[in-house]
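Working notes for the structure below.
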Amino acid sequence: MPAATSDGDTRTMVKVLFLCTGNSCRSQMAEGWARHLWGAHEGGAIDAYSAGIETHGLNPYAVRVMQEAGVDISGQRSKHVDELADVPFDLVVTVCAHAHESCPLFPGRAKVIHHGFDDPPTLARGATNEEEILEPYRRVRDEIRRFVETLPERVLGKGQS
């Protein structure tokens with residue numbers, strides 16, 4: 001879908017799917033960062049989506065740490081990858097090993113890459129207080145941001161404007 005840039009130029013937005021096991025945390029944060037950093041309001045480089053091999057609901061800690069960083073993902077919802085079967089993705093990024101191993105075939109030209117991130121809920125198991133729970137969510141949030149910041153240049157072959 002063409003999007004107008006600030007100088008009136010139009011370009012095609014690249015459709016990117018972030019795929020994880022349950023679409024509750026890592027893929028949701030990646031979608032949020034991509035929309036925040038590269039969505040239509042930022043010049044239209046990326047049209048971001050997220051989905052899971054299963055659906056586990058939106059993780060409230062993921063919502064909270066993204067809000068701390070100024071990104072509201074509370075309106076997103078956990079989706080099964082089958083719900084997006086008709087979307088012609090250009091790029092599919094698997095963000096966990098299970099999704100990478102179970103990644104369905106995507107018709108057309110979709111390029112599939114894997115960039116795994118630790119699972120915050122797993123890392124937070126055994127935490128004794130809220131700060132210990134939030135620490136791995138914040139760390140992974142920041143790692144995902146750094147990866148998403150590089151997408152146009154590193155993965156899609158487009159320079160940053």
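Bear in mind these aren't lab numbers, they're just calculated from the coordinates by the rules spelled out. Every value quoted in this text rests on a predicted model; they were computed, and no experiment measured them. Cβ: placed from backbone, ideal geometry, glycine included. Neighbour counts: every protein chain shown.
Here are some notes:
- For region 112-124, Karplus couplings with θ = phi - 60° (6.51, -1.76, 1.60), whole Hz, Gly/Pro x: 10, 10, 10, 9, x, 10, 4, 8, x, x, 5, 5, 7
- For Asp47, distant residues with modelled amide H under 5 Å away: Val14, Lys15, Val16
- The convex hull of the Cα atoms of region 50-137, projected and averaged over all directions, covers 6.5 nm².
- Rounded if a/c under 1.5, otherwise prolate or oblate - region 2-152, Cα gyration tensor axes: oblate
- Test item: Cα-centred dipole of region 2-152, Lys/Arg +1 and Asp/Glu -1 on Cβ, debye: 180
- Among 135-144, 61-70, sorting by the average number of other beta carbon atoms lying within 10 angstrom of each residue, highest first, gives 135-144, 61-70.
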